[in-house]
1. Starting from the Cα gyration tensor of region 31-78, take the square roots of the eigenvalues, sort them a ≥ b ≥ c, and report rounded, prolate or oblate (rounded when a/c is under 1.5, otherwise prolate if a/b is larger than b/c, else oblate).
2. So how tilted is helix 821-859 from the main axis of the chain? Cα-based, degrees 0 to 90, rounded to 10.
3. Label points 7 Å out from Cα along the Cβ direction at Lys266 and Ser469: separation in nm?
4. Just to confirm, what accessible area per residue do you get for the chain at 1.4 Å probe, in whole Å²?
5. Under a no-solvent Debye model with one identical scatterer per Cα of region 228-385, what's log10 I(q)/I(0) at q = 0.12 Å⁻¹?
6. What number, in percent, do you get for the relative contact order of the chain if the mean sequence gap of Cα pairs under 8 Å and at least 6 apart is divided by its residue count?
7. Sticking with the crude label model, points 7 Å out along Cα→Cβ, report the distance from Ala775 to Asp339 in nm, one decimal please.
8. Can you list residues from other chains, or at least 5 along the same chain, whose modelled amide H is less than 5 Å from the amide H of Ile601?
Amino acid sequence: MCHHNRFLLLNVAKSDIISLVFQVDETLCPFKLSQEQLQLVKARMRAGLEAGLKTKGSSAIKMLPSYVYRTPDGTEHGKYLALDLGGTNFRAMMVNFKRQNARLYHKIYTIPLEIMQGTGEELFDHIAQCVSDFLDYMGMKNAHLPAGFTFSFPCEQTAIDTVSVDIKVLWGWRTGTNVCYMEEVDAELSKMCINTEWGGLGDDGSLDDIITPYDMEVNQNSINPGRQRFEKLTSGMYLGEIVRQVLLDLTRGGLLFRGHVTETLKTPGIFETKYLSQIERWEKLCVRSILQQLGLKGTCDDSIIVKEVCGAVSRRAAQLCGAGMAAVVDKIRENRGLDHLNITVGVDGALYKLHPHFSRVLKDTTEVLAPQCNVTFLPSEEGSGKGAALISAVARQMHADSLSGTLLDIMQQFRRELAKGLGRDTNPTAALKMLPTFVRSIPDGSEKGDFIALDLGGSNFRILRVKVSHEKKQTVQMESQIYDTPEDIIHGSGTRLFDHVAECLGDFMEKQNIKDKKLPVGFTFSFPCQQTKLDEGFLITWTKRFKAGGVEGMDVVKLLNKAIKKRGDYDADIMAVVNDTVGTMMTCGFDDQRCEVGIIIGTGTNACYMEELRNIDLVEGDEGRMCVNTEWGAFGDDGRLEDIRTEFDREIDRGSINPGKQLFEKMVSGMYMGELVRLILVKMAREGLVFEGRITPELLTKGKFETKHISAIEKSKEGLSKAREILTRLGVEPSTDDFSLVSQVCTVVSFRSANLIAAALAGILMRLKENKGVARLRTTVGIDGSLYKMHPQYARRLHKAVRRLVPDTDVRFLLSESGSGKGAAMVTAVAYRLTYSSRIFWSYLQSVHAFFSIYHRNVF
Ligand code: 0WK
Ligand code: BGC
């Protein structure tokens, strides 16, 4: 017997009260779920979540990936169009994010039922019509705004902007129910938002023990019987109908409206869910007027019973959602390995917002069933439209999906910049200097000899001895030594720097016992140099940490020769100066003849590739190809990346030794990524988002958070313990939440780097494909650099993004195991062969000439 004192108000005879109470109670009893039943529902929801994660789309709860990897961080900016379809109305919105504020302008459009239930084409035509009207209304018809589309139906997604739809789950007023949450998807990506589609719970019969005959009736009459069972017990589209079914039954049982079953009462959908909220909010008098509006002439007693029925149905709905929510928050808590979880749940929907008790019952039930979770329900004021715009802002800003418009856009811009840099007239104003390297081919296997390679400009200064021989097949033996490049040397005078290089070379030759030999030297100099021939390179500007005085504008080969001469204790023949990207391409070209691109993703970043000579205006000749050093680190120095640069990028640049230069490099390379993370953490701490708002001197110290820390924190297994160690060194006492936030920041920054570099590389691959005029490009990209090598996920993310941006290419990524030294030796070997074959030729010509002049003198 359910409790019945509320019926004492009824003005019927005492005996009648008992039977009436009993019968109404009997009817409503199945709606009153016990704690045990709710615990069961929670357990079934949990099992459904797990099953959905394991099985692709075959379980009742679909668990659909959304490709949203993080929530907004307040740095989103710009104007976005947001379309919101699937709730009560269709809303078109323009959202303008500026300085952490979002200004929204929106217009609501109704969707006629015949459109809702017409053809897909009619529906999307209607949407397009509404959007066009809205843009007109906003006077933004020509503004090409990025758009976020909230489409509130279960969708299979393969990317943030690619879906396939299951349209059968349709909508009406105050409509469906669903939940999404940030799930740990794999060790790599840490989290992704999963759209659970929990409305499907029970489609496998797992709720049959709590489904009442009224629910079955509603299900039977729905347009998708057997599906969305949980939704049909809990969401706005169905609650009114359930109440109508109960009222119909009570009326047929003579317990209501004096047993008078009106046509109105028999009309499906006539008792809308909004009436539940109104009835449960108002006193009984108002209930009567609502019933009268529905053509239901009820007594006060009827009003009390109707109110009871509404209460029972809505309460059950809120409790069921609470049980579901308890399963979700408990899962998140366990994912994080926490004993206690504080979490905020964003919630929207008219039922939650308008119903007087729903939110409270939902919260109470959640906390009773998930006692280790403290859940804050945060109603969204602006609806999911702002959410959609925010996601596209984040996606646009950081990385969302490599197919997102932004990266494709950057790829196209980069391609244009490549062409601009190659043009004689456009090169002076081009950001990409497209420097000719005078390397005309990759190794062809004929190289041989004993060489020295100097490798200056990366994180280490290395000197190598490279012996290339042809015993059976071409083999390369290498011995190397790393030498320091102290701060005072790389920031001192150029003379001191080259004296230091010459001294290290002397030391190396000593150790190699070759001081008496004049070996050909290949000089890898990892900075932008203007070259007119292989053994001459004028430094255009220093980058990374270097800024030795008196070198910019000078021929670095000359400077080194001068320093060696000055010593006089050994001699060396510097036959080639190459950029580290060229050295890397040549090193990889030694193992794979298809290699025609060289990339460095290390302290700095850059790329070179084999360009058709006819396209290089700055070099004579049209035949064949030449390797071009793009110096892509300077991409954006002309302001074209301003729309994606963040305040943190600007702060990095302001604090660098070369403000306004190498802007692309400063967004992506190893020298700057750690600092980017530090600046973001400082801002988040200032806003109390991490470290309880504590800002320590260490956290404020430039360079204190290094890129290697990002790699350590993003290492799947030991990432968190590493995070503790690293953050403790920053003087903060991190909470477990702080760990995941810090690791998120690391992921966002490194992901953006991989995506932006992918966009630039895709630009080069498109150009190669174009140059070759092939439908499908097959090529190899040689790569080196500490960021690419040391970061646990970088390579995979880069490869994935490149293949998505240029799907019609077969790209092999070849890691240069031995650095660019071997490559420099290869270039030197080619130079050596060319020089001596020409010297022999010349000496041959001269000897022939000498012979003839002697012969001539004697004969003639
Ligand atoms: C190793 C190469 C060297 C290049 C370096 C770049 O041998 O030429 O400069 O990679 O990577 P980083 O050391 O800057 O990470
Ligand atoms: C330099 C490039 C170099 C790259 C990678 C950049 O800062 O400008 O010449 O290839 O770093 O080391």
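The values are calculated or read from the model by the stated rules, or taken from the named source; none is laboratory data. In this text, all values refer to a predicted model and were calculated from it rather than measured experimentally. All Cβ positions, glycine included, derive from the backbone under ideal geometry; neighbour counts span all protein chains shown. What goes into the accessible areas is simple: the full protein's heavy atoms, side chains included, and nothing from ligands, DNA or RNA. Shrake-Rupley method; radii C 1.70, N 1.55, O 1.52, S 1.80 Å.
1. oblate
2. Compared with the principal axis, the helix lies near 30 degrees.
3. It works out to 10.3 nm between the two label points.
4. Computed with neighbouring chains in place, this is 42 Å² per residue.
5. Summing over Cα pairs of region 228-385 leads to -0.57.
6. 11 percent
7. Placing both labels 7 Å beyond Cα along the Cβ direction yields 6.5 nm.
8. Residues meeting the criterion, in which the H sits 1.01 Å from N, are Asp784, Gly785, Tyr788.
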